[in-house]
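**Q** The following block contains the structure, expressed as structure tokens.
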Amino acid sequence: MTPPFPRLEKAAPLPEVEGPGTCEGVLLLERLGRTSFGNAHRRMLDLQKRLASEPTESLEHLILFEPDKTVTLGSASQEAALLLSRRELEKRDVSVRKVDRGGEATYHGPGQVVGYLLLRLGEEERDLHLLPRAIEESLIEVLSQLGIDGHREKGRTGVWVEDRKIASIGISVRRWVSGHGFALIVEGDLTPFEWIIPCGIRGCPVTSIERELAEVPDREWIEEEIARELARRFSRELKR
């Protein structure tokens, strides 16, 4: 199998990838719309388990949704990442969840596009450092179509616009099936990021597509372009 992304130094842009002549599999796009984080997370865990146990029966998935207000703590995160207590966060209608992805703390909320990418990772795709890099490059490509110059920061995970973070990345892998994925900030209140240490970076500035463009592009268009770019980069055939 031709690898969907090459081995490169950190923060170097990944070149365009044409992929093999035929697609390696089918990626099913599943839009959940506005839903609770817990509902989407349960759906992701169920599909990840099925993909691992039924390798010829279940389709690979890209789940896209708009979450309610939730702080998630990744495997590298501690309670110290919360600058407000859980009780204070709950008063602000923000739930806190420990999740099985890599990375630190981040905030999910209305106005974000959160994506769970569930792929059966072939032998050439099992570099778990390059998997998030490929997701980052896919988001950078979509941002470029909007006229936003996104980039990767050396030694850090996510997508940035100058010094401002616009997308977070965190993955999990079970029996070589990927889970979790990314959160792209399209619009909405950014204040909750001040209540945590996002991605382990104290005082990390964040931004959104709305803030960068002074307008909000169509969410459905953004989701469609993300799905197209991920399918292209990972050499999958996109189905809806």
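The values are calculated or read from the model by the stated rules, or taken from the named source; none is laboratory data. Computed from a predicted structure; not experimentally measured. As a convention, Cβ positions derive from the backbone with ideal geometry for all residues, glycine included, and neighbour counts pool all protein chains shown.
**Q** Which members of the range 141-160 meet the condition of being under 19 Å from ILE201 (Cβ atoms) and not basic (Lys, Arg)? Outline the logic, then answer.
**A** So the first thing to find is which residues in the range 141-160 are under 19 Å from ILE201 (Cβ atoms), and the list is 150-160.
The answer is GLY150, HIS151, GLU153, GLY155, THR157, GLY158, VAL159, TRP160.
**Q** Hey, can you tell me all the residues within the range 178-236 that are among the aliphatic types (A, V, I, L, M) and within 17 Å of the chain's Cα centre (by Cα)? Let's see the steps before the verdict.
**A** Filtering the range 178-236 for residues among the aliphatic types (A, V, I, L, M) gives 183-186, 190, 196-197, 201, 206, 209, 213-214, 216, 222, 226-227, 230-231.
Residues satisfying the conditions are ALA183, LEU184, ILE185, VAL186, VAL206, ILE209, ILE222, ILE226, ALA227, LEU230, ALA231.
Residue by residue, here is whether (1) at pLDDT below 95; (2) aromatic (Phe, Trp, Tyr); (3) surrounded by fewer than 20 Cβ atoms within 10 Å (Cβ to Cβ); (4) assigned to a strand (DSSP E or B) holds:
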{"position": "PRO110", "(1), (2), (3), (4)": "no, no, yes, no"}
{"position": "TYR116", "(1), (2), (3), (4)": "no, yes, no, yes"}
{"position": "ILE135", "(1), (2), (3), (4)": "no, no, no, no"}
{"position": "SER138", "(1), (2), (3), (4)": "no, no, no, no"}
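**Q** When you scan the range 14-37, do you find a residue that is modelled with pLDDT of 95 or more, surrounded by 13 or more Cβ atoms within 10 Å (Cβ to Cβ) and either farther than 25 Å from ARG228 by Cβ or of a type in the set (Phe, Trp, Tyr) (or both), even just one?
**A** Within the range 14-37, one or more residues are modelled with pLDDT of 95 or more, surrounded by 13 or more Cβ atoms within 10 Å (Cβ to Cβ) and either farther than 25 Å from ARG228 by Cβ or of a type in the set (Phe, Trp, Tyr) (or both).
**Q** With the condition being among the β-branched types (Val, Ile, Thr) and modelled with pLDDT of 90 or more, I'd like the strands (runs of 3 or more DSSP E) fully within the range 66-108 carrying at least 2 qualifying residues.
**A** On the way: elements: 70-73, 95-98, 105-108.
By residue number, 70-73.
**Q** Please work out which one of (1) surrounded by fewer than 23 Cβ atoms within 10 Å (Cβ to Cβ); (2) closer than 21 Å to ALA76 by Cα; (3) among the polar types (S, T, N, Q) is the condition SER168 fails and give its number.
**A** SER168 satisfies every listed condition except (1).
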